[in-house]
Every structure is written in structure tokens, then in C-alpha cells.
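As C-alpha cells, the structure follows; a few thoughts come after it.
What follows is calculated from the coordinates using simple rules that are stated; it is not laboratory data. Just so it is clear, the model here is predicted, and its values are computed rather than measured. A quick note on method: Cβ atoms are made from the backbone with ideal geometry, for glycine too, and the neighbour counts reach across all protein chains shown.
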Amino acid sequence: MAGLFDLPGAPEKITDGLVIIREGIHDPDAVLREVHRIAQQSPWRTMITPGGKTMSVEMTNAGAVGWISDRRGYRYEGVDPVTGEPWPTMHNDIVNLVRTSATAAGYPGFEPDVCLVNRYRIGAKMSLHQDRDEADFSHPIVSFSLGMSATFLFGGLRRTDPTLKLPLHHGDIVVWGGSSRLHYHGIASVNGPAHSMVGPYRINLTFRRAHS
Ligand code: MD6
Ligand code: FE
């Protein structure tokens, strides 16, 4: 648990394979500018689940491929179906912070090829899910949180397993992999209050390796 006197940037091991680096994003404004650039090129959109429900979270992507969901399923695609163009590139300074974070958490050599960007308004949530659309689960996932705080739910290998409830704040980095890579997780309905700089939004970037 983070305490009053914890230094930012020290990796905290939460459970097997799950590490939080509180305030690991030292220049949140630079990351937010990147998010705006990405969303100008590949706009925010809500996606439909294979079951036909509209997700409450708005999404876009950067990188060689992007994660999409529609009636045909979940998958990675090299072309943004909204623009018909490749996804925006990932900025090298940000990829460097992803590499450093993965290394600090015990996953040296991580090279992401996709950044899925999620935007939550008040009331948006992400139901418990597994991230299993990637080719090789030995690669970790690195996650950046910006804007409004939220509660990260971290469960087990079954959807019904009990969940840890971890607060995530502006600037926090989560790295996870190893034995918990396929654990169910989600984000509880975001309550606010609005963030002083970002406003009534929570932005989350997850860096993954989709293709081995
Ligand atoms: C979110 N994150 O924080 C949702 N998945 O908005 C995820 O679903 C997630 O943070 C895999 C790894 C890290 C994550
Ligand atoms: Fe996920």
C-alpha cells in the first residue's frame, strides 16, 4: 500500500507478477500531448463487443497494430477501420519510459508494438476481462494512468475469483506479467472528482506486444 512517505518511482510489488510504480510518469503533460496527437489522427470511438453491447470506454490506438472489437470478435489490425489508414506511431520517448518501467519491474527486453488508449468519463467502467488477444503471454503489459483516479480490480484465473481493489492515480504505472498475465481484471465505474488538469476524464494507455 502506498504511504504518505513513499517516494515516487519506487516499484511496489503488489502480488505475483504485478508491480505498481506510483507517479512513475514524470512528465504527464508530455504523455497527454501525445494522446491528443494520437486522437487527432485516429479519433476516439466506442466499440461494440462481439455480443453486441457498446462499451462505455472510448478507445483509440497507436503503434504497428491496434486492438479492435466488433461483431466479428476481438483482434489486432494494422489499419484503423475508422480512417482506413495505419494507426499513429508511438513516440520514442514514451516507448523508452515503457522499456525502463518494464525493466524496473523485472521484465527486461520488453518491446511493445501497440498502445491501446482508453478514455473514461464519469460512469464509464471496464468489466472483468482477460487480455488474451496477444500471441505470446510471456510478454508483460505496461499501463499508464492519467487524469481522474479509478479503482483497478485484480482477480484470479476465474472470473468469479475475489478481486484486489487498487486505487490508480494520475501518473501511476502498472506493470504485470508472469504468472498473473492471464488474471481477470477491470476498472470499477469511475466516480470523479474531475482531475485538476485533465478534467472529467481518466486516460489509460496499455502497451503490449501483440505479435511475437
Ligand atoms: C484500464 N486496463 O486501466 C484498463 N489490461 O483502463 C486494462 O485492462 C489492463 O491496465 C492489461 C494490463 C494492464 C491494464
Ligand atoms: Fe486489460
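A few points about this structure:
- Note on region 59-212: with charges restricted to the Cβ of Lys and Arg (+1) and Asp and Glu (-1), its dipole about the Cα centre is near 560 debye.
- Within region 104-212, the trypsin sites (Lys or Arg not before Pro) that combine a DSSP coil assignment with at most 13 other C-beta atoms in a 10 angstrom radius are R132, R158, R159.
- Multiplying the residue separation of N191 and M47 by 0.36 nm and subtracting their alpha-carbon distance yields 49.7 nm.
- Computed 3J(HN,Hα) for region 206-212, one whole-Hz value per residue from the Karplus formula 6.51 cos²θ - 1.76 cosθ + 1.60 where θ = phi - 60°, is 10, 9, 9, 10, 7, 10, 6, glycine and proline marked x.
- Over the residues of the chain, the helix contribution to mean residue ellipticity at 222 nm works out to -4000 deg cm²/dmol, using -39500 (n - 2.57) for each DSSP H run of at least 4.
- Inter-site label distance for R158 and S138 at 7 Å from Cα along Cβ, in nm: 3.0 nm
- Relative contact order of the chain, defined on C-alpha pairs under 8 angstrom at six or more residues apart (%): 24 percent
- Cα gyration tensor category, rounded, prolate or oblate, for the chain with a/c compared to 1.5: rounded
- Straight-line cross-link partners of K165 among the aspartates and glutamates, defined as a Cα under 19 Å from its Cα and at least 8 positions apart when in the same chain: E12, D16, E23, D131.
- Estimated FRET transfer efficiency (E85, H211; beta-carbon r; R0 22 Å; 0.05): 0.70
- The distance from the alpha carbon centre of region 7-65 to that of region 135-164 is 12 Å, rounded to a whole number.
- Inverting the pair-averaged 1/r between distinct Cα atoms of region 94-202 gives 14.7 Å as its Kirkwood hydrodynamic radius.
- Between the listed residues M55, S196, M148, the Cα displaced farthest toward the positive end of the dipole of the chain, a dipole computed from Cβ unit charges relative to the Cα centre, is found at M55.
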